[in-house]
Amino acid sequence: MSPLTALLIDDDPVVHDLINYHLEGVVDRILHAEHPASGIALATHDMPDVILLDIEMPYMDGFQVCRELKQLSLTRDIPVVFLTSDNATHHVARGLDLGGVDYVTKPFVAIELQARVRAALRTRRLIELLRVHAHIDALTGLKNRGALEDGLARAAAGVARKGGGFAAVMLDVDHFKRVNDTYGHGIGDEVLRRLGATIGVLCRPTDLAARYGGEEFALVLPETTQATAITVCERLLEAIRQIRVSAPGGEFGFTVSAGLAMAGGDCPADDVLQRADEALYHAKGLGRDRLVIWAMAPADEPGA
Ligand SMILES: [Mg+2]
């Protein structure tokens, strides 16, 4: 785990000494800035876990600094604790309205300062947990659609920077409605969970596997040739054919259809998921339980 870091922005050198003294053991490291601008620079560069921000500073007060920090995506979620010698309610309210999580009045009471900093650090951890969970599909534990879009953007940026290519795959459970109608939604969910687990196990650490929605899943395989992507997909389809799901009437299996499209070279990254989806539609039309690779020829078979 990276060391817990606090950043202190205050124009008074004495406050820096006091904070060093009082926060020993509460955080692992304290960064110091005596000017607002250098404080903002340190915040964006070092991404501290909490920022202690003096309100009364020359040239640019703490409110302005806070406003800037909250506008920058890098620093937006770092909790800000205001330090003030003016504890007038309107003053404090303004700081909290600007996005500060708390305030401490000078002169400090050591245990209060420490408790408020610890509380701010808890807030920081919760924000990080939320950020992680915001990218996970609750049913399958795979990434969700938002994370998939981020992954696609990263893969596309990688191609733009280094050349090469990446693969996108769309997968869809065959006759999923029939599973739900026959066994109920509980068993339908179990199919999706088992499928998600199998996809998760067979993907390489650099691959991104996501639930696209419903019974549809998507993979992004960065820096991958078409031949490798086909191997990954065929292995996955075979593993999925082996899954057995328990139901009241006995075990049953299921299959998926898959569409693969490559990005890179002449193939624009923006279209890759759409193309994989077209190939998936084609795979359904050809009888399901198979992989189809996107090619220029339009897929005109009816899907299902
Ligand atoms: Mg001051």
Problem - Kirkwood Rh, Cα atoms: Rg over Rh of the stretch 5-133 - result: 0.93
Problem - Cα centre as origin, Lys/Arg/Asp/Glu Cβ charges: the stretch 181-304 dipole, Debye - result: 440 debye
Handout entry: Qualifying lysines (Cα of each under 18 Å from Cα of Lys284; at least 8 residues distant if same chain)
Key = Lys177
Exercise for the section: Under 14 Å from the Cβ of Ala261, count the other residues' Cβ atoms, weight Lys and Arg +1, Asp and Glu -1, and hand me the total. Expected result: -4
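Please pull out the direction-averaged projected area of the stretch 187-267, using the convex hull of its alpha-carbon atoms, in nm² to one decimal place. Don't skip to the end; give the middle numbers.
Numbers: hull surface 22.5 nm².
Projected area, direction-averaged: 5.6 nm².
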Completion exercise
Around Val201 (Cβ within 14 Å, Cβ-to-Cβ, excluding Val201; K/R +1, D/E -1) the net charge comes to +2
Exercise for the section: Could you tell me which of Ala227, Gly100, Thr5 has its Cα farthest along the dipole of the chain towards the positive end, charges placed at Cβ (Lys, Arg +1; Asp, Glu -1), taken about the Cα centre? Expected result: Ala227
Problem - Summed residue charge, Cβ within 12 Å of His175's Cβ, Lys/Arg positive, Asp/Glu negative - result: -1
Exercise for the section: Determine which lysines satisfy two conditions relative to Lys70: a Cα distance under 29 Å, and not lying fewer than 8 residues away in the same chain. Expected result: Lys106, Lys143
Completion exercise
Mean shadow area (nm²) of the C-alpha convex hull around the stretch 216-303 is 6.6 nm²
Completion exercise
The distance between the Cα centres of the stretch 169-236 and the stretch 18-40, in whole Å, is 48 Å
Exercise for the section: Within the stretch 33-138, list the chymotrypsin sites (Phe, Trp or Tyr not before Pro) lying in a DSSP loop whose Cβ has at most 10 other Cβ atoms in a 10 Å radius. Expected result: Tyr59
Exercise for the section: For Lys162, go through the aspartates and glutamates and keep the ones whose alpha-carbon is under 13 Å away, minus same-chain ones fewer than eight residues off. Expected result: Glu223
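If you average 1/r over all unlike Cα pairs in the stretch 145-293 and invert the result, what Kirkwood radius do you get in angstrom?
Result for the stretch 145-293 stands at 15.5 Å.
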Completion exercise
Here FRET efficiency (C-beta to C-beta, Ile230 to Gln71, R₀ 45 Å, nearest 0.05) is 0.45
Completion exercise
Computed over the chain: longest principal axis from alpha-carbon atoms vs helix 36-46 long axis, angle to nearest 10 degrees, is 30 degrees
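Efficiency by 1/(1 + (r/R0)^6): what FRET value for Asn20 and Ala239, r their Cβ-Cβ distance, R0 = 41 Å, to the nearest 0.05?
0.15
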Handout entry: From the C-alpha gyration tensor of the chain, square roots of 5λ in Å
Key = 53, 22, 15
Fill in the blank from the handout: Distribution output for the stretch 61-156: share of Cα-Cα pairs per 10 Å bin in percent, first bin at 0, values 14, 33, 27, 16, 9, 0
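Read-outs throughout are calculated quantities, based only on the coordinates presented, and are distinct from any laboratory measurement. The structure presented is a predicted model; accordingly, all values stated were derived computationally and were not measured. Quick reminder, even Gly has a Cβ in these numbers, built from the backbone with ideal geometry, and neighbours come from all protein chains shown.
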